[in-house]
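Trainee: Structure provided below as structure tokens; questions to follow.
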Amino acid sequence: MKKFIILLIPVLALSLICSFAFAKHHTPEERGKTLFNDPKFAGGSKACSSCHPDGKGLQAAGDKKEFNIAGGKQKNLEEAVNACIVNANKGKAIDVASEQMKDIVAYIKSLKPKEMKKETGGYK
């Protein structure tokens, strides 16, 4: 029995260390990307990526101060996300202070325009 306990303690310690290491890789951007690709996010009927595959069209959204979506004006990115959830995805608006909103906003802000390569005139 003592040998079993002696072997069990390092295994438990190693599994705890590994679980913390893997948990660190779940950044807000990664969680936001998962939400962005989930058709059931916020009770919707399709994923955000249905209209914006790989975030297409949202590369500058993180820097914008005002949006015009579905005939309305949104004062910030959180309001714009909710406008898309309600109008395009037929879902329910989420709390602007929620972790889900923070995560999806972090993902959208991570979508930056590709920089032009001067020497070739192409994209990186």
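The values are calculated or read from the model by the stated rules, or taken from the named source; none is laboratory data. Just so it is clear, the model here is predicted, and its values are computed rather than measured. Positions of Cβ are backbone-derived with ideal geometry, glycine not excepted, and every protein chain shown enters the neighbour counts.
Trainee: Examine region 88-96 for a residue that is modelled with pLDDT under 95, in a helix (DSSP H, G or I) and out of contact with any helix residue (DSSP H, G or I) (no Cβ under 7 Å at 6 or more places or on another chain), and state whether such a residue exists.
Mentor: no
Trainee: So in region 61-75, with the set limited to residues that are touching a residue at least 12 places away in the same chain (Cβ under 8 Å) and part of a loop (DSSP other than H, G, I, E, B), which one is surrounded by the fewest Cβ atoms within 10 Å (Cβ to Cβ)?
Mentor: So, considering only residues that are touching a residue at least 12 places away in the same chain (Cβ under 8 Å) and part of a loop (DSSP other than H, G, I, E, B), the one surrounded by the fewest Cβ atoms within 10 Å (Cβ to Cβ) is 70.
Trainee: Please give the number of the condition residue 58 fails out of (1) among the aliphatic types (A, V, I, L, M); (2) at pLDDT below 95; (3) in a helix (DSSP H, G or I); (4) surrounded by 10 or more Cβ atoms within 10 Å (Cβ to Cβ).
Mentor: Result: residue 58 fails condition (3) only.
Trainee: Filter region 42-55 down to the residues that are more than 18 Å from residue 93 (Cα to Cα) and buried (at least 17 other Cβ atoms within 10 Å of the Cβ), then identify the one that is nearest to the chain's Cα centre (by Cα).
Mentor: Out of the qualifying residues, it is 55.
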